[in-house]
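*Asks:* Pasting a structure below so you can have a look.
The values are calculated or read from the model by the stated rules, or taken from the named source; none is laboratory data. Just so it is clear, the model here is predicted, and its values are computed rather than measured. Here the Cβ is made from the backbone with ideal geometry for all residues, glycine too, and neighbour counts use every protein chain on show. Heavy atoms of the whole protein, side chains included, go into the accessibility calculation; ligands, DNA and RNA do not. Shrake-Rupley method; radii C 1.70, N 1.55, O 1.52, S 1.80 Å.
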Amino acid sequence: MKKLALHWQILLGMVVGVLVGLIMTQFEGGKEIVQDWIKPFGKIFINALKLIAVPLILASLIKGVSDLKDISKLSKMGGRTIGIYIITTVVAVSIGLLLVNIIKPGNSISEETRLELVQNYSGDAGKYAEEAAKQKESGPLQALVDIVPENIFGAASENKNMLQVIFFALIFGVGLILIPEKKSKPVKDFFDGFNEVILKIIDLIMLAAPYGVFALLAALVVESPSLDLFKALVWYAFTVILGLLIMIAFYNLVVWIVTKKTPATFLKGISPAQLLAFSTSSSAATLPVTMERVTEHLGVDEEVSSFVLPIGATINMDGTSLYQAVAAVFIAQAFGMDLSLGVQLGIIVTATLASIGSAAVPGAGMVMLVIVLGQAGIPEAGLALIFAIDRPLDMCRTTVNVTGDASVSMIVAKTLGKLHKPKVKDWDDNYPKKQ
């Protein structure tokens with residue numbers, strides 16, 4: 001295993017996990033064995049990644065902002081980052097709407113299958129509808145209020161509060177810039193060292209990545225709903241996946257044009273983070289690996305990656321936005337509704353804004369989808385139509401989210417002159433080698 005590149009190790013772990021899952025479903029009690037003795041190791045791996053997500057954001061963002069030494073640089077980088085993220089999200093939603101209107105996957109669902117899906121998953125649909133209702137009742141500026149934490153320790157105790165942690169780290173970094181260097185140096189030195197420790201912990205955790213994704217995929221296979229339900233949704237899944245592949249091609253093209261880095265170089269550099277995103281369905285859990293790959297393997301200056309990537313993991317959900325557009329029109333088609341151009345343009349705006357507030361954790365896209373459906377006047381009960389296949393698609397769209405974050409960080413770095421030759425570190429760089 002040590003001789004294989006990390007992305008091949010992870011891919012091998014995924015394949016073996018799927019095979020073990022398929023084999024265990026053929027035996028009585030096989031599902032329980034996987035759930036009791038294999039799945040916990042996948043959970044431990046995800047927990048280890050989530051464990052360092054908040055310390056990583058605090059350390060890297062405070063270090064990155066304070067290294068700028070000039071607030072004008074921060075506003076310049078921030079404006080470009082958010083502007084590019086919004087543009088890519090609009091592109092993603094537009095691609096989704098175009099494909100779903102051409103392929104029309106909703107027309108292939110029979111009345112019998114529709115009733116079966118609604119009956120099986122209506123309880124889950126109700127749960128997400130309640131969460132979305134709470135968000136809508138909170139007022140138009142609640143998202144802005146939620147960015148500012150009343151207690152940083154409370155905010156740091158939940159990974160879903162990433163925006164609050166980012167806000168605190170930005171303010172802390174700005175404060176370091178504004179005080180005399182003599183006073184700020186000890187604090188900066190602490191966070192520099194803290195950041196190095198966190199990055200080394202990531203290297204150690206990634207040694208277990210192949211085994212973690214093996215456990216996650218084996219558990220996913222044995223817990224999947226029956227294949228009969230998946231057959232009814234194959235065209236819907238095809239539409240979403242085709243759109244996601246087009247988005248990845250779009251990222252590669254833009255990175256190639258702006259940075260002159262070939263698609264092969266970009267994909268080789270980011271592939272371990274993509275495979276991890278696929279396995280965990282969480283941009284936040286993948287963030288430590290994304291930062292390591294982008295900084296060390298793609299040559300993005302840490303000053304840029306520590307700012308662009310944490311923000312991207314929170315507000316840049318291109319894969320999720322594309323899926324929301326496809327899912328909304330798909331559900332409308334399944335119910336025999338004909339959406340006007342105005343309604344579909346409204347979906348673009350709502351999905352773009354919803355993606356900014358979407359948490360970087362598995363299933364968050366469902367809550368945002370309820371808001372999109374409500375805006376377009378599509379029955380929220382239609383959520384039940386897509387639950388059977390949502391988990392595999394969640395894995396795919398998270399991969400696109402992470403790819404988008406990496407591509408934007410490269411573009412921003414290039415425009416600021418912060419894209420360098422990659423310098424790869426190993427987990428035991430500073431450990432004395434035997435002669």
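*Asks:* Take segment 244-295 and flag every residue that is under 16 Å from T320 (Cα atoms) and not in a helix (DSSP H, G or I).
*Replies:* Result: S281, S282.
*Asks:* Could you check, for segment 14-35, whether at least one of its residues is in contact with a helix residue (DSSP H, G or I) (Cβ under 9 Å, 6 or more places away or on another chain), within 18 Å of A277 (Cα to Cα) and open to solvent by 70 Å² or more (accessible area, probe 1.4 Å)?
*Replies:* yes
*Asks:* Return only the number of the condition from (1) modelled with pLDDT under 80; (2) open to solvent by 30 Å² or more (accessible area, probe 1.4 Å) that I46 does not satisfy.
*Replies:* (2)
*Asks:* Identify, please: which residue in segment 61-77 is open to solvent by less than 30 Å² (accessible area, probe 1.4 Å) and closer than 14 Å to L176 by Cα and is, among those, nearest to the chain's Cα centre (by Cα)?
*Replies:* L61
*Asks:* Being open to solvent by 10 Å² or more (accessible area, probe 1.4 Å), touching a Lys or Arg at 6+ places or on another chain (Cβ under 6 Å), more than 23 Å from P210 (Cβ to Cβ) and not polar (S, T, N, Q) is the requirement here; does V254 meet it?
*Replies:* no
*Asks:* Something else about it: Can you list the helices (runs of 4 or more DSSP H) found entirely within segment 1-64 that contain at least 3 residues being under 30 Å from V187 (Cα atoms)?
*Replies:* Counting at least 3 such residues, we get 39-51.
*Asks:* Further question: Under 6 Å between Cβ atoms, at least 6 apart or on separate chains: pull out the pairs that start in segment 182-200 with a residue that is more than 16 Å from R293 (Cα to Cα) and open to solvent by less than 80 Å² (accessible area, probe 1.4 Å) and end on any residue that is assigned to a helix (DSSP H, G or I) and not hydrophobic (A, V, I, L, M, F, W, C).
*Replies:* K188/S66; F191/K63; D192/K63
*Asks:* Please specify each residue of segment 263-317 satisfying the condition of being farther than 27 Å from L220 by Cβ and under 10 Å from the mean Cα position of the chain (by Cα).
*Replies:* I315, the sole residue that qualifies.
*Asks:* Can I ask one more? Write out, first by first residue and then by second, each pair whose Cβ atoms fall under 7 Å of each other, whose residues are 6+ apart or on separate chains, and whose first residue, in segment 276-287, is open to solvent by less than 10 Å² (accessible area, probe 1.4 Å) while the second is assigned to a loop (DSSP other than H, G, I, E, B).
*Replies:* S281/P362; S282/A360; S282/V361; S282/P362; S283/A360; A284/A360; A284/V361
*Asks:* Moving to a separate point now. Quick one: in segment 140-163, which of the residues that are modelled with pLDDT under 75 and in a helix (DSSP H, G or I) is nearest to L51 (Cα to Cα)?
*Replies:* In this case the residue turns out to be N159.
*Asks:* Looking at this structure, is V174 open to solvent by less than 40 Å² (accessible area, probe 1.4 Å), at pLDDT 75 or above and assigned to a helix (DSSP H, G or I)?
*Replies:* yes
*Asks:* Another one. Name the residue, out of Q344, Q324, Q333, that is open to solvent by 10 Å² or more (accessible area, probe 1.4 Å), modelled with pLDDT of 75 or more and in contact with a Leu (Cβ under 8 Å, 6 or more places away or on another chain).
*Replies:* Just one listed residue meets the conditions, Q344.
*Asks:* Does segment 222-231 contain any residue that is assigned to a helix (DSSP H, G or I) and either modelled with pLDDT of 85 or more or of a type in the set (G, A, S) (or both)?
*Replies:* no
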